[in-house]
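See below for the structure under consideration.
The values are calculated or read from the model by the stated rules, or taken from the named source; none is laboratory data. It should be emphasised that the depicted structure is a prediction, and the values quoted were computed from it without experimental measurement. Don't worry about glycine lacking a Cβ; one is built from the backbone with ideal geometry, like all the others, and counts go over all protein chains shown. Heavy atoms of the whole protein, side chains included, go into the accessibility calculation; ligands, DNA and RNA do not. Shrake-Rupley method; radii C 1.70, N 1.55, O 1.52, S 1.80 Å.
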Amino acid sequence: MTASQVRTSRVADEVGASNTLWRDAGRRLLRHRLAMFGIGVLTIVCAMAAFGPAITPYDPNGMDFANRFAGPSLSHWMGTDDFGRDTFSRIILGARVSLQVGLVAVSVATILGTGLGLLAGYGRRFTDEVIMRGMDVLYSIPALLLAIAIVAALGKGINNAMIAIGLAYIPIFARIARAAVLGIRNEEFIIAARALGAGDMRILLWHVLPNVLSPIIVEITLSLAFAILAEAALSFFGLGTQPPDPSWGRMLAEGRDFFRQSGWMGFFPGLAILFTVMGFNFLGDGLRDALDPKLRR
Amino acid sequence: MNYQYIVQRLLSALVVVLGVTVVVFMIVQIVPGDPARVMLGPYANDEAVQGLRDRLGLNRPVIEQYLSWLGALAQGDFGQSLLNGQAVAPQLWGRIGPSFELALVSLLVGLAIAFPVGIISALKPGSGIDIAATIFSQIGVSIPSFWMGIMLVIIFSLNLSLLPPSGYTPITEDPGDWFAHIALPAFTAGFVSASIMTRFIRSAMLDVLSANYVQTARAKGLGERSVVLRHALRNAMINIVTIIGLQINALFSGVVIVEVVFSWPGLGRLALNAVLERDYPLLQGTVLIVAVMFTMVNLLVDLLYFVLDPRIEYA
């Protein structure tokens with residue numbers, strides 16, 4: 001066998017082993033009942049977000065003053081609000097806002113946080129100290145308060161809310177990524193890669209990152225849940241989504257003013273947040289069990 | 001006790017607080033455009049904007065602004081509120097008490113729920129009570145606290161008329177009324193914390209319950225209560241305290257929301273009012289005080305390790 005054939009065979013073995021690892025994890029995930037429930041809920045929420053305007057029974061922003069504060073009925077499943085707008089239609093469209101904010105905010109946190117965590121864990125002690133003390137500083141401000149302060153500086157609105165939530169969660173990803181890197185940085189395959197002449201960036205991206213992905217994937221799922229809650233809170237405070245666009249948190253805030261006469265205005269958006277966040281939490285727990293069965297409790 | 005570690009830990013807390021001052025100072029610096037114009041609103045005249053710029057020193061170099069702001073902070077001067085022109089510091093001091101009370105009582109509520117539920121479900125894994133605890137903790141982690149707060153007000157204040165829907169009475173004035181007012185907000189913030197802590201207490205207890213020393217304690221013929229409380233729980237405490245420490249960040253975030261829902265006169269509500277009124281000096285002061293409180297609590301949790309586990313030595 002030539003040297004190149006040996007190399008090809010090793011690569012094939014590695015790819016095969018990695019495929020089996022992920023396939024096993026996938027199989028374990030499919031057997032996880034709560035994770036399946038989470039996936040079911042999230043599929044519905046994603047469908048609502050994807051097909052939103054096409055499947056709403058009414059125009060979500062269409063006012064109907066003759067039907068203000070109408071209770072749940074066959075024509076309006078979740079009643080109407082103070083402008084006569086259909087709550088169910090607005091909840092469907094609100095799914096888009098929640099998912100969009102969750103995805104963008106968590107992407108910001110994942111990319112920046114994981115990048116900083118990898119650098120801190122793999123870099124020299126000075127780099128590690130500087131980055132992690134910076135993360136300690138950010139972490140010492142409660143996440144929601146930090147998000148509120150950032151929105152205060154950048155201005156109200158959905159885009160700034162996404163950035164603010166993302167920035168507030170950077171320290172969590174940095175800590176997880178750093179801890180994972182510290183666990184493997186002296187493993188033989190890293191030393192071997194270095195001995196073969198691989199540069200730091202190549203080692204980080206090709207050897208370290210794939211091996212610390214499991215905890216990061218789990219954290220992404222759980223952070224999506226937190227991000228949706230944070231967006232709802234910011235919109236509830238009037239700092240996130242601005243009227244007339246529907247967002248679950250905003251709808252809840254609007255419902256609060258009328259909960260004596262029409263409790264459903266706030267009840268259904270809260271239920272939508274609860275189920276979506278629960279879906280992400282179940283999926284996150286399922287992924288953790290599937291990717292690292294040793295951690296199962 | 002390792003005094004060198006305590007000094008080291010105090011110094012690192014000081015560095016964090018100094019870092020927080022930089023972040024808090026930057027709140028005004030990253031405002032897009034002219035911060036003075038943003039603070040006064042679009043209809044303010046040019047003289048007023050220029051006056052505020054001079055008062056806040058916004059024309060000076062950033063480093064100079066920071067150092068002079070930090071110098072004033074060191075003397076307890078947090079600046080003046082833009083909204084009412086009063087000094088920020090006295091407004092903050094008046095809010096620390098109610099916020100601290102709410103955070104403390106919420107934590108106690110959380111612990112009072114999490115300990116028994118976590119321990120019982122660890123003792124009977126897979127049982128009905130364990131499944132119920134899992135469902136409870138999943139709901140607690142996922143529930144928006146402001147929604148839960150509103151639902152509790154509808155049930156306990158509007159329908160049953162048992163508790164007041166909002167407001168605050170100092171404990172020194174009327175302890176009974178104080179309790180009636182704090183019950184719903186503390187339960188709302190505490191419930192969310194309880195659900196997270198329950199999971200970790202269960203997990204920590206499961207770890208120690210299978211340890212050799214616990215089996216030895218059982219083999220010696222000790223009663224189950226003694227095995228659980230004196231041998232297992234004591235050893236699980238070190239992990240549990242770590243989790244409680246981590247929980248405090250979430251708890252403080254939860255308290256911000258709960259304060260707004262229940263009109264609780266704490267720092268969270270003050271911060272939100274400051275944001276809505278674009279009162280940046282007030283917002284900066286509030287964020288700084290909360291971060292300092294949080295850093296101090298974390299420091300206390302770290303030092304608590306020595307008390308809980310005398311074997312711990314820090315190099």
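Here are the numbers for this structure:
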quantity	calculated
Rg and Dmax of the stretch A:33-174, Cα atoms only, in Å	20.6, 68
Sum of -39500 (n - 2.57) over DSSP H runs of 4+, divided by residues of chain B (222 nm, nearest 500)	-24500 deg cm²/dmol
Chain B: most fluctuating residue of B:Ser137, B:Ser157, B:Ser210 per GNM, C-alpha cutoff 10 Å	B:Ser210
Accessible carbon and sulfur surface of the stretch A:68-123 relative to its total accessible area, %, 1.4 Å	75
DSSP loop chymotrypsin sites (Phe, Trp or Tyr not before Pro) with at most 15 other Cβ within 10 Å excluded, longest remaining stretch of chain B	B:44-313
Choice from A:Leu119, A:Leu283, A:Leu145 showing the highest fluctuation, given a GNM over chain A with Cα pairs closer than 10 Å	A:Leu145
Convex hull volume of the protein assembly as shown per residue (C-alpha atoms, cubic angstrom)	214
Stretchable slack from B:Asn159 to B:Val292, in nm (0.36 nm times residue separation minus alpha-carbon distance)	43.9 nm
At least 40 Å² accessible surface lost relative to isolated chain, residues of the stretch A:136-153 (1.4 Å probe)	A:Val137, A:Tyr139, A:Ser140, A:Ile141, A:Pro142, A:Leu144, A:Leu145, A:Ile148, A:Ala149, A:Ala152, A:Ala153
Qualifying trypsin sites (Lys or Arg not before Pro) for the stretch B:192-234 [loop in DSSP, other Cβ within 10 Å: at most 12]	B:Lys220
Reduced Cα scattering model of the stretch B:98-225, Debye log10 I(q)/I(0), q = 0.19, 0.20, 0.22 Å⁻¹	-1.02, -1.08, -1.21
Theoretical FRET efficiency, 1/(1+(r/R0)^6), r = Cβ-Cβ of B:Gln86 and A:Asn186, R0 56 Å, to 0.05	0.45
Structure-based [θ]222 nm, chain A - -39500 (n - 2.57) summed over DSSP H runs of at least 4, per residue, nearest 500	-24000 deg cm²/dmol
Shape call, the stretch B:192-315: gyration tensor on alpha carbons, a/c limit 1.5	prolate
Residue among B:Ala211, B:Ala36, B:Ala133 with the largest mean-square fluctuation in a Gaussian network model of chain B, springs linking Cα atoms under 10 Å	B:Ala211
Net dipole in debye of the protein assembly as shown [+1 Lys, Arg Cβ; -1 Asp, Glu Cβ; about Cα centre; nearest 20]	1840
Average accessible area per residue (Å²) across the stretch B:184-282 - probe 1.4 Å, nucleic acids and ligands excluded	37
